[in-house]
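Where a number appears in this text, it was derived from the coordinates with a stated rule and is not lab data. Keep in mind that what you see is a predicted model, and the values were worked out from it rather than measured. Positions of Cβ are generated from backbone atoms using ideal geometry, with glycine treated the same way; all protein chains shown enter the neighbour counts.
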């Protein structure tokens, strides 16, 4: 696995890539996060040997450059364009796109402008209606902390605690990736959502015909599983939401063996 950089619309975007050939699988992180959360997929020998795994840091996140125009680049539309242009720069075609948290929403926004995507994987994510439903988050207070531009150290650790099951220790790197995100990313992303400056993703998801795999952690503290369970996803893979037991929002890191086996089966159903 190598960490690389590429210019996307004038900004340097950092990304991991396991190899430069093979079927492409693109991982997109969510808010207050980075590509590092996918490390246990990127280093999995079965996955990395068979597929070209790519995980990027969106503009303003991780080791990518921050934006001089945050009011444009950190919105849902701006991050959508970052993903589209990144995929074009790497000349990605027939890829599977995997999104965690709001990374999945960014992929849904971009989906029809990507080059013949073969699959979509939602990890701990819910497609947004427009306007967004008040049932998306488990608590009203989540909106406030996730959208807060400046957060102090106690709030960083509070935010990190939501990534895993309640009363469980979160990985040491989680506070660091939260701190690395440009403070303005939260403010402008959630402001664009609040103002309805995004597609009705419920409608987009209904029109997607490639297999959509949906995974959720049993003890996710952020998103409302009961609400997700009511959403119509006509092309859902194996006709179910795959719930991983005894794990939280970052289940693919917490329980990689269980997730990776299922994820590998999904990729074989796409590419074989």
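When DSSP beta bridges are limited to those with both residues in the range 2-271, what percentage is antiparallel, rounded to the nearest 5? Antiparallel: roughly 35 percent of the beta bridges in the range 2-271.
Derived from the Cα gyration tensor, the three semi-axes of the equivalent ellipsoid of the range 25-96 are 24, 15, 8 Å, largest first. Here the range 50-131 was treated as a single set of alpha-carbon atoms; its pair distances binned every 5 Å from 0 give 3, 14, 25, 27, 19, 9, 2, 0, 0 percent. Given a Förster distance of 35 angstrom, what is the FRET efficiency for residue 116 paired with residue 2, based on the Cβ-Cβ distance and rounded to 0.05? Using R0 = 35 Å, I get an efficiency of 0.85. Taking every pair of alpha-carbon atoms in the chain, what share in percent sits in each 10 Å bin, from 0 to the bin with the longest distance? With a bin width of 10 Å, the distribution comes to 7, 33, 40, 19, 1. In plain terms, the chain from residue 143 to residue 269 could stretch by 41.7 nm, reckoned as 0.36 nm per residue minus the Cα-Cα distance.
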